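Beneath this line is the structure, given in structure tokens, with notes to follow.
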Amino acid sequence: MLGKLDVAVLRAFRTRGHTPSRERAVAAFSRLGEQAMLWMALSAAGAALDPDNRPVYKRAAKTIFGTYACNQLIKVAVRRRRPRLEGLPPLAGTLSGLSYPSAHAATSFAGARMLAQVLPATPLYATAVGLVLSRLYLGLHYPSDVLAGGALGASIAELAS
């Protein structure tokens, strides 16, 4: 049942709202989440520019890095392959063929949760959601991958807060 729902939702994301220019824009946006680059850059910039909140930014960076590492260990243990939909190839490359859980989702929700202590929460969470949805639009993850990743990142960040 979950497998069929996963595929049906993924297929909807891969077949609706696509144009070449949107696909390029979403792929470019999605690259911001690679290896948690956006979230680590925000943490580093905050630590450099906001000395009063430097401990929060440092804790955020450690939490985001730890979330990424934990996510990678789970990926290797679970070994779920990335989705392959007939006639709908993925629209971007990945470093790994492993899909579960989504590192974009895990690090984005960990980053948003940690950085919302010192930055406006709405744009942080909107960016996190956008990065998560980009993975579905590009055909790189099943919906259950991004849900699990988001839950993982939010949980780790909650424990670290």
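Considering only the stretch 86-95, state which residues are of a type in the set (A, V, I, L, M) and open to solvent by less than 80 Å² (accessible area, probe 1.4 Å).
L88, L91, A92, listed by residue number.
Go through (1) buried (at least 17 other Cβ atoms within 10 Å of the Cβ); (2) farther than 14 Å from L136 by Cβ; (3) modelled with pLDDT under 95 for P83 and report which single condition fails.
(2)
Take the residues in the stretch 1-15 that are part of a helix (DSSP H, G or I), open to solvent by 70 Å² or more (accessible area, probe 1.4 Å) and not charged (D, E, K, R), then tell me which one is farthest from A105 (Cα to Cα).
T15
Using the structure shown, decide if R135 is open to solvent by 40 Å² or more (accessible area, probe 1.4 Å), among the charged types (D, E, K, R) and modelled with pLDDT of 95 or more.
Judged against the criteria, R135 is not a match.
Could you list, in sequence order, all residues of the stretch 16-55 that are assigned to a helix (DSSP H, G or I), surrounded by 12 or more Cβ atoms within 10 Å (Cβ to Cβ) and more than 21 Å from the chain's Cα centre (by Cα)?
Once the filter is applied, which keeps residues that are assigned to a helix (DSSP H, G or I), surrounded by 12 or more Cβ atoms within 10 Å (Cβ to Cβ) and more than 21 Å from the chain's Cα centre (by Cα), the stretch 16-55 yields A47, N53, R54.
If the requirement is being closer than 25 Å to A12 by Cβ, hydroxyl-bearing (S, T, Y) and in contact (Cβ under 8 Å) with a residue 24 or more places away in the chain, which of these qualifies: Y68, Y125, Y137?
Y137
So A112 passes all but one of these: (1) closer than 24 Å to G3 by Cβ; (2) in a helix (DSSP H, G or I). Which condition number does it fail?
Of the numbered conditions (1) closer than 24 Å to G3 by Cβ; (2) in a helix (DSSP H, G or I), the odd one out for A112 is (1).
Given the options P101, P123, name the one that is in a loop (DSSP other than H, G, I, E, B), on the phi < 0 side of the Ramachandran plot and not hydroxyl-bearing (S, T, Y).
Only one candidate passes the filter, namely P101.
Give the residue, chosen from Y68, Y57, that is over 29 Å from S21 (Cβ atoms), of a type in the set (F, W, Y) and touching a Gly at 6+ places or on another chain (Cβ under 8 Å).
On inspection, the qualifying residue turns out to be Y57.
The values are calculated or read from the model by the stated rules, or taken from the named source; none is laboratory data. As the structure is a prediction and not an experimental result, all values here were calculated from the model. A quick note on method: Cβ atoms are made from the backbone with ideal geometry, for glycine too, and the neighbour counts reach across all protein chains shown. Surface areas here come from the heavy atoms of the whole protein model, side chains and all, with no ligands, DNA or RNA. Shrake-Rupley method; radii C 1.70, N 1.55, O 1.52, S 1.80 Å.
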